[in-house]
1. Somewhere in region 33-49, is a residue farther than 19 Å from V118 by Cβ, surrounded by 18 or more Cβ atoms within 10 Å (Cβ to Cβ) and hydrophobic (A, V, I, L, M, F, W, C)?
2. If the requirement is being over 29 Å from H24 (Cβ atoms), in contact (Cβ under 8 Å) with a residue 24 or more places away in the chain and in contact with a helix residue (DSSP H, G or I) (Cβ under 8 Å, 6 or more places away or on another chain), which of these qualifies: R173, R138?
3. Can you confirm whether V218 is surrounded by 13 or more Cβ atoms within 10 Å (Cβ to Cβ), under 18 Å from P73 (Cβ atoms) and not acidic (D, E)?
4. Can you name the residue in region 31-70 that is among the hydrophobic types (A, V, I, L, M, F, W, C) and assigned to a loop (DSSP other than H, G, I, E, B) and, of all such residues, is nearest to the chain's Cα centre (by Cα)?
5. Name the single residue that is farthest from R126 (Cα to Cα) among those in region 43-68 being modelled with pLDDT under 95 and either of a type in the set (S, T, Y) or in contact with an Asp or Glu (Cβ under 9 Å, 6 or more places away or on another chain) (or both).
6. Being among the aromatic types (F, W, Y) and free of Cβ contacts under 8 Å to residues at least 40 places away in the same chain is the filter here, so list the residues in region 178-216 that pass it.
7. Restricting attention to region 167-196, which residues are loosely packed, with under 13 Cβ neighbours inside 10 Å and in a helix (DSSP H, G or I)?
8. Which ranges mark the helices (runs of 4 or more DSSP H) fully within region 71-155 that have 1 or more residues being under 18 Å from L174 (Cα atoms) and modelled with pLDDT of 95 or more?
Amino acid sequence: MDRPDYRDLVATVSEVAWPEFMFHDPVADEHWGKLYQFFPAYQFALLDQQTQQIMGFANSVPLAWHTGLDELPEEGWDWALTRSVSDRLAGQPPNLLCAIQIAISPAFRRQGLSASFVQEMIGIARQSGFEALIAPVRPNNKDLYPLSSIDRYVTWKLEGGLPFDPWLRVHVRLGGRILKPCHHAMRITGDIAEWQEWSGLRFYESGPYIVPGALVPVEIDLCADLGVYVEPNVWVAHNIGIQ
């Protein structure tokens, strides 16, 4: 989608797609603008031609990784965004495409668009001559089970053997391989006032808190005036048949 107002349009979807605290990752604050500066060909959106509404959008980045995919780092999302920028600045030729975000407008969910976006990313990776599409997937039902470990959560299956989690299921149906959890995919910190604003909760004692939208509890330390959220994701890979 080639429009000068692209970033403003997709921002309207982002605002309703993610909990507020997700907008305060320091890695994203530092590098997000570089997606459009360095990698515009890998950012795309779907527009409803009748209403001119954004149906959804996707972000991905090229990066270099010549170690086995089973060795992808624990830092997941934060690592991928940082690595793509450092590779670009160092002139390092990329060999992988990494999905960073797929967001569907609430009005257009449950229409199969998630699979369409993943398929488009696979196509972009293939056209670019990359070896694989990788993704630190944010499992979208994990926030309903914040006290269960991500290691156990990824083993949950439906009858028939497909993953319990809807986003993991989309990837597996398209041939994706679940590699492993990345336990430190994103680290978000803030003072107590910030976390109260982001979560709508009040914190009267230190300890772990279940925050709406969070995949695991947020650790609150009143003495240090600090809240820490370390989000786990799940590495998934699509081998697109180019070596």
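The values are calculated or read from the model by the stated rules, or taken from the named source; none is laboratory data. Not measured: the values here are computed from a predicted model. Neighbour counts run over all protein chains shown; Cβ positions are idealised from the backbone, glycine included.
1. Looking for residues that are farther than 19 Å from V118 by Cβ, surrounded by 18 or more Cβ atoms within 10 Å (Cβ to Cβ) and hydrophobic (A, V, I, L, M, F, W, C), one finds none in region 33-49, hence no.
2. Checking each option against the conditions leaves just R173.
3. No, not satisfied.
4. F39
5. The extreme case among them is T51.
6. Passing the criteria: F203, Y204, Y209.
7. R173, A193
8. Once the helices (runs of 4 or more DSSP H) in region 71-155 are filtered for at least 1 residues that are under 18 Å from L174 (Cα atoms) and modelled with pLDDT of 95 or more, what remains is 113-127.
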